[in-house]
Amino acid sequence: QLQLVESGGRLVQPGGSLGLACAASGESLIYLTLGWFRQAPGKERERIACVYKVSGSTDIADSVKGRFTVSRDATKNTLYLQMHSLTTEDTALYFCAADRASHCPDTFQYWGQGTQVTVSS
């Protein structure tokens, strides 16, 4: 019954900022390990962040560390991704995902539909 819905993707100029949201329904996100992924045309899917269940501890990929942050709002049952200093290399379809594993798995069980982020002048 868990459903994930991403929102917030749009066209942004290089150097700009953008926030994405992943709204969950059916289960509480605090009991799930969560991930943000992105995939650009012709490239493999890349995991950019992970939020661990209960504790809320985070891992950020080296490719976006220092520019992207993740957070979790238990009251709103929503996962967020804040992106800054965006470049054209950040253009991709962004997905959120969830799993019941305590670690950050390579393959998540639940996925949202994705939201498009395009960085261009």
Taking only pairs six or more apart or across chains, which ones have beta-carbon atoms under 7 Å, a first residue in the range 37-51 that is closer than 14 Å to Tyr94 by Cβ, and a second residue that is open to solvent by 100 Å² or more (accessible area, probe 1.4 Å) and not in a strand (DSSP E or B)? Phe37/Arg45; Gln39/Arg45
Residue satisfying all of: in the range 53-64; surrounded by fewer than 18 Cβ atoms within 10 Å (Cβ to Cβ) and part of a loop (DSSP other than H, G, I, E, B); nearest to the chain's Cα centre (by Cα) among these: Ala61
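Does Thr69 meet the test of being free of Cβ contacts under 8 Å to residues at least 24 places away in the same chain and closer than 17 Å to Leu2 by Cα? Break it down stepwise before answering.
Values: free of Cβ contacts under 8 Å to residues at least 24 places away in the same chain: yes; closer than 17 Å to Leu2 by Cα: no.
It is false that Thr69 is free of Cβ contacts under 8 Å to residues at least 24 places away in the same chain and closer than 17 Å to Leu2 by Cα.
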Step by step: first the residues of the range 75-116, then only those that are modelled with pLDDT under 95 and not hydroxyl-bearing (Ser, Thr, Tyr), then the one that is surrounded by the fewest Cβ atoms within 10 Å (Cβ to Cβ). Which residue is that? Asp106
Within the range 33-46, can you find the residues that are in a strand (DSSP E or B), over 12 Å from Leu81 (Cβ atoms) and charged (D, E, K, R)? Glu46
Can you name the residue in the range 1-51 that is hydrophobic (A, V, I, L, M, F, W, C) and open to solvent by 30 Å² or more (accessible area, probe 1.4 Å) and, of all such residues, is nearest to Ser121 (Cα to Cα)? Leu11
When both residues are 6+ apart or on different chains and their Cβ atoms are under 8 Å apart, which pairs have a first residue that lies in the range 1-20 and is more than 11 Å from Asp90 (Cβ to Cβ), and a second that is modelled with pLDDT under 95 and not aromatic (Phe, Trp, Tyr)? Gln13/Ser121
Please go through the range 21-31 and pick out each residue that is out of contact with any Leu (no Cβ under 8 Å at 6 or more places or on another chain) and in a loop (DSSP other than H, G, I, E, B). Ser28
Take the range 73-82 and flag every residue that is more than 12 Å from Trp36 (Cα to Cα) and in contact (Cβ under 8 Å) with a residue 40 or more places away in the chain. Ala74, Lys76, Asn77, Thr78
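The values are calculated or read from the model by the stated rules, or taken from the named source; none is laboratory data. Computed from a predicted model, the values in this text were never measured in an experiment. Counting neighbours? That spans all protein chains shown, and the Cβs are built from the backbone with ideal geometry, glycine included. Note: accessible area is taken over every heavy atom of the protein model, side chains too, but ligands, DNA and RNA are not part of it. Shrake-Rupley method; radii C 1.70, N 1.55, O 1.52, S 1.80 Å.
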